[in-house]
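*Asks:* Attaching a single structure in structure tokens format; questions to follow.
The values are calculated or read from the model by the stated rules, or taken from the named source; none is laboratory data. Computed from a predicted model, the values in this text were never measured in an experiment. Quick reminder, even Gly has a Cβ in these numbers, built from the backbone with ideal geometry, and neighbours come from all protein chains shown.
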Amino acid sequence: MESDKMEIYETLIRWLSVLNLSAPHETVQELCDGVALAQALNQIAPEVFSDSWLAKIKADVGANWRLKVSNLRKIVDGVYVYYQDELSLHLSEELRPDVLKIAEKCDAVELGRVLQLILGCAVNCRDKQKHITQIMELEESLQRNIMAALQDIEYIWQGASPSRNSINTMASTTGSAVASTTGGSSTISALQDDRDTLAQKCHETNKKMLVLIEEKSALQQEVTRLQALVGRYENPNLIGDDGTSLGPIQLGSSRYNDLRKLVDGLKDELLQAETARDDLKMKSMIQEKEIMELHQKLDELHGATAEIAQLKDEIDILKEANDQLRVCETQLTTYKKKLEDYNDLRKQIKLQEERSAEYLKQNLQYEEEAKKYAGLKGQVELYKKEIQDLHGKLDDEMGRTVKAEFECKQLQGELTVIQREKEHLLSERDSLREAFDELKCGQAMGADGTDGVGGGRGTTMSKELHSNDLHERIERLERENKALREGQGGQTALSQLLDDANQRNEKLREQLKTANQKILVLSQHHTDVTSSKSELELHLKPTMDISEQRTPQIDEGLQLQLGSLQTKIANLEAALAAKDQELHAADMRYKKCVEKAKEVIKTLDPHAINEAMLLDKAHLVNDPANSGPGGAGVADGIMGQTPAVTVRPPMGQQEEQLIATAFYRLGMACHREAVDARLLSGPGQSFLARQRQPTARKPMNANFPKK
């Protein structure tokens with residue numbers, strides 16, 4: 001059913017195109033503003049919907065739904081008036097189209113109802129034949145939908161009128177036209193729908209007829225009752241309430257007397273009413289005067305209220321001024337406090353300027369000292385390079401001395417052998433003296449010759465063994481080293497490091513000597529064993545089997561000795577690596593402690609930057625001895641031989657002193673802050689009282705002497 005209604009409404013929209021309207025009317029949205037509908041009504045019934053009425057419809061509505069509602073309401077009201085005045089048809093208010101839905105939501109159902117009402121106006125107007133012919137010229141489906149819309153309009157009407165004949169004629173003409181065009185193409189379902197609609201119409205008309213009959217009978221009863229009452233009062237022989245006949249109104253009759261008494265009573269009441277009226281007039285005059293006086297008083301009171309309002313306004317202004325005064329007083333107190341803080345800040349700024357001037361002077365001094373030290377750096381580096389070269393030469397000479405000592409020992413061994421041979425020869429000489437007395441002098445000369453040869457050889461060997469040049473060079477290097485130490489002046493830490501390095505170097509040299517001696521002894525022993533073995537092989541062939549049996553045992557013993565030496569060397573290397581790790585960890589802990597001390601000193605007192613700079617200098621002096629490129633002469637020589645050499649900077653006392661001073665300053669600062677807070681929080685502290693208080697002391701600047 002809804003789809004059929006929507007189809008009917010679309011047909012009505014297409015029917016509007018027949019009227020040749022100037023406003024857009026193709027879609028529902030274009031018709032919702034009501035302009036096209038008003039133009040259609042103007043064409044259908046110009047005598048009712050005149051141009052003046054059309055001018056009331058606003059054209060440029062746009063998206064303003066309120067203007068749309070006003071236009072549609074004017075159209076619906078005009079259509080209802082047209083049906084009631086021109087067609088004498090009463091339309092129920094329940095079936096009135098909802099213009100709000102049309103304007104806000106573009107409701108097609110409500111718009112279709114408006115179009116149905118406009119179609120009814122077109123079919124029943126003066127030029128209805130023209131509009132009917134226009135409808136007849138449309139398509140067959142459109143004609144059928146328009147006829148269905150006309151049948152729906154009949155349900156809205158209440159009562160019958162002559163104008164319905166035109167609708168019936170139009171329906172009959174359209175029906176005949178449709179029948180002539182379609183013939184037998186109407187289906188059974190369409191006939192059943194028509195039958196149902198006609199039956200429904202008959203049922204509704206029967207109900208209306210019964211209601212009208214009941215109303216007619218009730219009206220007839222009321223008319224008869226009223227007619228009887230009128231005849232009773234018009235009859236001259238009227239009977240009263242007590243059942244007696246009152247008779248006609250004549251002079252001297254009882255009815256006349258009663259009426260005369262009634263008239264006299266009414267006159268008396270009239271006089272009383274006039275006197276009461278006069279009294280009321282007097283009272284009204286008095287009350288009017290009182291009202292005038294009250295009006296005057298009211299005017300005075302109005303003036304007083306105006307003055308009171310002005311006074312209230314002034315009071316409000318004064319209150320606002322008082323509030324502003326309080327705000328200004330609070331701001332003034334805050335500004336006073338800020339001024340005090342500003343004065344304190346100025347004092348602090350002056351102190352900071354003095355400190356900055358001192359720092360500038362110190363920086364200038366440090367720059368001058370740095371310039372002085374920069375000139376000495378080149379000489380120090382040259383001396384370090386010379387020391388490195390001398391250490392290398394010293395190591396070479398030490399190796400040579402070790403070899404010379406080893407050769408000296410070998411020569412001493414040979415000398416002992418020769419001395420034994422000499423003793424043997426002397427014993428032989430003594431034995432031969434007795435036998436050869438004649439050759440005594442010759443043998444003595446031969447013995448002297450042998451002594452001379454041995455002594456010369458011994459002297460040459462002693463000269464080779466005792467190298468005076470090496471001792472002189474070593475002494476000269478030590479003297480130069482001492483001179484360099486004295487020339488550096490004030491760098492005790494570096495001298496101590498050099499002394500420790502020299503001591504360790506000497507120890508390492510002694511160890512190296514002993515190791516070289518052992519190696520040479522073992523090699524000599526090995527050579528002796530091999531030589532003895534060869535001699536034994538040559539001279540003692542019978543004992544070869546025994547020696548062959550003993551040689552594997554000797555080799556095993558040597559291998560065991562070599563294995564034990566290797567294990568000792570591995571253990572020593574592991575110990576050296578462990579010591580290196582311990583030294584590295586100790587250095588890291590030392591650096592962390594120094595950094596913490598610097599941070600504490602910087603946070604407590606800015607003047608302690610000098611002490612931090614002293615620590616940095618001492619650390620820089622110590623670092624070149626360990627890792628710097630200029631002071632690597634001693635350390636590289638030592639670390640090249642043994643990685644377990646450790647250098648501990650002698651800064652423990654300074655660190656302890658710095659930590660103690662930092663802790664003391666922290667305690668003093670906390671105590672000073674607590675005292676200041678207690679003084680500031682005391683009651684009755686005015687501005688002058690706070691100015692009389694002693695100012696905070698400057699922090700102490702303790703400069704430690706340089707070492």
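*Asks:* If only one of Lys267, Lys216, Lys208, Lys261 is modelled with pLDDT of 65 or more and closer than 30 Å to Ile132 by Cβ, which one is it? Lay out the reasoning, then the answer.
*Replies:* On the way: Lys267 fails: closer than 30 Å to Ile132 by Cβ; Lys216 fails: closer than 30 Å to Ile132 by Cβ; Lys261 fails: closer than 30 Å to Ile132 by Cβ.
Exactly one residue qualifies, and that residue is Lys208.
*Asks:* Same structure again: Can you tell me which residue among Leu87, Leu72, Leu100 is farther than 20 Å from Cys121 by Cα and either in the same structural domain as Ile132 (by TED's automatic domain parsing) or not polar (S, T, N, Q) (or both)?
*Replies:* Sole residue among the options that is farther than 20 Å from Cys121 by Cα and either in the same structural domain as Ile132 (by TED's automatic domain parsing) or not polar (S, T, N, Q) (or both): Leu100.
*Asks:* Looking only at the range 6-17, decide whether some residue is out of contact with any His (no Cβ under 8 Å at 6 or more places or on another chain), over 29 Å from Glu137 (Cβ atoms) and at pLDDT 85 or above. Give the steps one after another, and end with the answer.
*Replies:* Quick first cut of the range 6-17, residues out of contact with any His (no Cβ under 8 Å at 6 or more places or on another chain) only: 6-12, 14-15.
Cutting the leftovers down to over 29 Å from Glu137 (Cβ atoms) gives us none.
The answer is no, given that none of the residues of the range 6-17 is out of contact with any His (no Cβ under 8 Å at 6 or more places or on another chain), over 29 Å from Glu137 (Cβ atoms) and at pLDDT 85 or above.
*Asks:* Moving to a separate point now. Return the pair list, or none, for Cβ contacts closer than 8 Å from residues in the range 507-535 that are within 13 Å of Met398 (Cβ to Cβ) to residues that are part of a helix (DSSP H, G or I) and modelled with pLDDT under 75, at least 6 apart or on different chains.
*Replies:* Leu508/Ile638; Leu508/Gln641; Leu512/Gln641
A quick yes/no check of all residues on (1) at pLDDT 90 or above; (2) of a type outside the set (A, V, I, L, M, F, W, C); (3) touching a Cys at 6+ places or on another chain (Cβ under 8 Å):
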site: Leu294; (1), (2), (3): no, no, no
site: Asp299; (1), (2), (3): no, yes, no
site: Ala304; (1), (2), (3): no, no, no
site: Asp316; (1), (2), (3): no, yes, no
site: Arg326; (1), (2), (3): yes, yes, no
site: Leu332; (1), (2), (3): yes, no, no
site: Tyr342; (1), (2), (3): yes, yes, no
site: Lys347; (1), (2), (3): yes, yes, no
site: Gln352; (1), (2), (3): no, yes, no
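*Asks:* What are the residue pairs meeting all of these: first residue in the range 386-404, first residue within 12 Å of Leu477 (Cα to Cα), second residue assigned to a helix (DSSP H, G or I) and of a type in the set (Asp, Glu), Cβ atoms under 9 Å, and 6 or more apart or on different chains?
*Replies:* Here the result reads Glu386/Glu480; Ile387/Glu480; Gln388/Asp636; Leu390/Glu480; His391/Asp636, each pair linking the range 386-404 to a residue that is assigned to a helix (DSSP H, G or I) and of a type in the set (Asp, Glu).
*Asks:* Does Tyr335 fit the bill of being free of Cβ contacts under 8 Å to residues at least 24 places away in the same chain, of a type in the set (Phe, Trp, Tyr) and in a helix (DSSP H, G or I)?
*Replies:* Working: free of Cβ contacts under 8 Å to residues at least 24 places away in the same chain: yes; of a type in the set (Phe, Trp, Tyr): yes; in a helix (DSSP H, G or I): yes.
Taking the combined requirement at face value, the residue satisfies it.
*Asks:* Quick one: would you say Val48 is closer than 20 Å to Ala122 by Cβ, touching a helix residue (DSSP H, G or I) at 6+ places or on another chain (Cβ under 7 Å) and either free of Cβ contacts under 8 Å to residues at least 60 places away in the same chain or outside any helix (DSSP H, G or I) (or both)?
*Replies:* yes
*Asks:* Could I ask something else about it? Has the range 274-281 got any residue that is in a helix (DSSP H, G or I), modelled with pLDDT under 75 and farther than 30 Å from Asp152 by Cα? Outline the logic, then answer.
*Replies:* Within the range 274-281, the first condition is being in a helix (DSSP H, G or I), and the residues that meet it are 274-281.
Narrowing further to those that are modelled with pLDDT under 75: none.
For the range 274-281, residues in a helix (DSSP H, G or I), modelled with pLDDT under 75 and farther than 30 Å from Asp152 by Cα: absent.
*Asks:* Within the group Asp33, Asp60, which residue is over 19 Å from Val109 (Cα atoms), modelled with pLDDT under 90 and assigned to a loop (DSSP other than H, G, I, E, B)?
*Replies:* On the way: Asp33 fails: over 19 Å from Val109 (Cα atoms).
The match here is Asp60.
*Asks:* Related question: With in contact (Cβ under 8 Å) with a residue 60 or more places away in the chain, surrounded by 10 or more Cβ atoms within 10 Å (Cβ to Cβ) and in a helix (DSSP H, G or I) as the only criterion, which of Gln362, Gln348 stands out?
*Replies:* Values: Gln348 fails: in contact (Cβ under 8 Å) with a residue 60 or more places away in the chain.
So the residue among Gln362, Gln348 that is in contact (Cβ under 8 Å) with a residue 60 or more places away in the chain, surrounded by 10 or more Cβ atoms within 10 Å (Cβ to Cβ) and in a helix (DSSP H, G or I) is Gln362.
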